[in-house]
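Reading through the structure tokens given below for one structure.
The values are calculated or read from the model by the stated rules, or taken from the named source; none is laboratory data. Since this is a predicted model, take the numbers as computed values, not measurements. All Cβ positions, glycine included, derive from the backbone under ideal geometry; neighbour counts span all protein chains shown.
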Amino acid sequence: MNSEDAKVAAAVKRALPQIARAIDLIAAALKKRGRLIYVGTGTSGRIAALDAAECPPTFHTDPRMVQFIIAGGHKALAAAVEANEDSRQLGQRAIAERKPGKNDVVVGIAASGGTPFTVSAVAYARRHGAQTIAVTCNRNSPLQKAAGFAIITEVGPEVIAGSSRMKAGTAQKMVLNMLSSGAMTRLGYVYSNLMINVLPKNTKLRERAIGILQHLTGTDRAMAQKNLKSADNDLPVALVMVQSGASRPEASRFLKTAGGHVRKAIALAAKGKHKK
């Protein structure tokens with residue numbers, strides 16, 4: 001199994017041009033207040049749910065920004081609901097409820113590329129103006145044909161034949177991590193390689209926020225804690241305040257003007273201070 005798993009990263013690497021194109025589309029859509037909507041069934045749907053669920057705590061995003069649809073609904077996250085995978089009608093109905101449009105990107109995920117639920121959802125979204133992307137392990141599949149373009153990770157046969165939760169599932173998780181993380185980085189929710197938008201809701205995350213502030217501003221722990229408190233525990237606001245000398249209301253305003261892009265907000269704040 002480990003030997004076969006070693007082939008996954010190489011398969012993902014071959015798809016990097018398509019992954020980069022997808023990140024461009026997703027970042028552009030999110031800038032316009034659009035949505036990234038994942039659609040999948042079984043393992044693919046659960047991996048989609050995981051990526052979507054982890055965006056708010058990692059990047060402090062609105063939950064509606066990255067969404068998921070899984071055949072069978074939320075109960076399918078903990079138990080198999082295989083029958084729903086074969087229904088094109090249910091797939092179309094599920095995506096129709098989200099009202100996909102021109103500012104949205106819908107990503108269909110299916111190892112085989114033939115799952116009727118996912119194929120019909122993607123086809124519906126595309127007909128209604130959304131950008132659509134297929135994430136699959138097979139070329140020339142119905143899902144690839146239904147989508148605007150495809151990210152294809154050809155990982156080869158599984159150690160346990162047909163068990164797509166193995167290499168195919170690993171490849172899917174790697175691709176979705178890159179799509180969401182790449183788009184959020186483009187939006188400025190990452191500073192250097194640090195989770196600058198982390199929301200310090202518990203002890204671990206508060207410690208992380210303090211550590212990030214120390215690292216980026218060169219202050220000691222006590223000063224970092226003080227700066228974070230002055231920013232009402234909002235790490236991006238604290239960083240803009242420290243790096244530019246702006247007040248909390250000013251830092252918040254610059255962040256809003258920059259669309260939440262921390263580096264741009266610091267530049268705007270510094271420019272505003274220089275003008276004064």
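Structural remarks
- Tally, over the stretch 161-192, of residues that are over 13 Å from the mean Cα position of the chain (by Cα) and closer than 25 Å to Asp5 by Cβ: 11
- Odd one out for Arg33, checked against (1) on the phi > 0 side of the Ramachandran plot; (2) crowded, with 18+ Cβ neighbours inside 10 Å: (2)
- Of the numbered criteria (1) of a type in the set (A, V, I, L, M); (2) surrounded by fewer than 20 Cβ atoms within 10 Å (Cβ to Cβ); (3) in the same structural domain as Glu54 (by TED's automatic domain parsing), the one Leu179 fails is (2).
- Among the residues of the stretch 52-72, those identified as part of a helix (DSSP H, G or I), at pLDDT 90 or above and more than 16 Å from Leu30 (Cα to Cα) are Ala53, Glu54.
- Any hit, the stretch 149-158, residues being among the charged types (D, E, K, R), in contact (Cβ under 8 Å) with a residue 60 or more places away in the chain, surrounded by fewer than 18 Cβ atoms within 10 Å (Cβ to Cβ) and within 21 Å of Lys7 (Cβ to Cβ): yes
- In the condition set (1) in contact (Cβ under 8 Å) with a residue 12 or more places away in the chain; (2) out of contact with any Phe, Trp or Tyr (no Cβ under 9 Å at 6 or more places or on another chain), Ser163 is compliant with all but (1).
- Each residue in the stretch 105-120 was checked for being surrounded by 24 or more Cβ atoms within 10 Å (Cβ to Cβ), closer than 16 Å to Thr43 by Cβ and without any contact (Cβ under 8 Å) to a residue 60 or more places away in the chain, and 1 pass.
For (1) within 30 Å of Pro236 (Cβ to Cβ); (2) touching a residue at least 24 places away in the same chain (Cβ under 8 Å); (3) touching a Ser or Thr at 6+ places or on another chain (Cβ under 6 Å), each residue gets a yes or a no:
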{"residue": "Gly42", "(1), (2), (3)": "no, yes, no"}
{"residue": "Cys55", "(1), (2), (3)": "yes, yes, yes"}
{"residue": "Thr61", "(1), (2), (3)": "yes, yes, no"}
{"residue": "Ala78", "(1), (2), (3)": "no, no, no"}
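- Restricting Ala53, Ala48, Ala71, Ala79 to those that are more than 13 Å from Tyr38 (Cα to Cα) and outside the structural domain of Pro236 (by TED's automatic domain parsing) reduces the list to Ala79.
- For the stretch 1-27, a residue qualifies if it is of a type in the set (A, V, I, L, M) and surrounded by fewer than 16 Cβ atoms within 10 Å (Cβ to Cβ), and the qualifying residues are Met1, Ala6, Ala9, Ala10, Leu16, Ala20.
- If you check Ile212, Ile133, Ile196, Ile160 for being at pLDDT 95 or above and β-branched (Val, Ile, Thr), only one passes: Ile133.
- Among residues of the stretch 236-276, those that are touching a helix residue (DSSP H, G or I) at 6+ places or on another chain (Cβ under 9 Å) and not in a helix (DSSP H, G or I), counted: 7
- Residue match in the stretch 130-140 (condition: surrounded by 21 or more Cβ atoms within 10 Å (Cβ to Cβ), in the same structural domain as Ala29 (by TED's automatic domain parsing) and small (Gly, Ala, Ser)): yes
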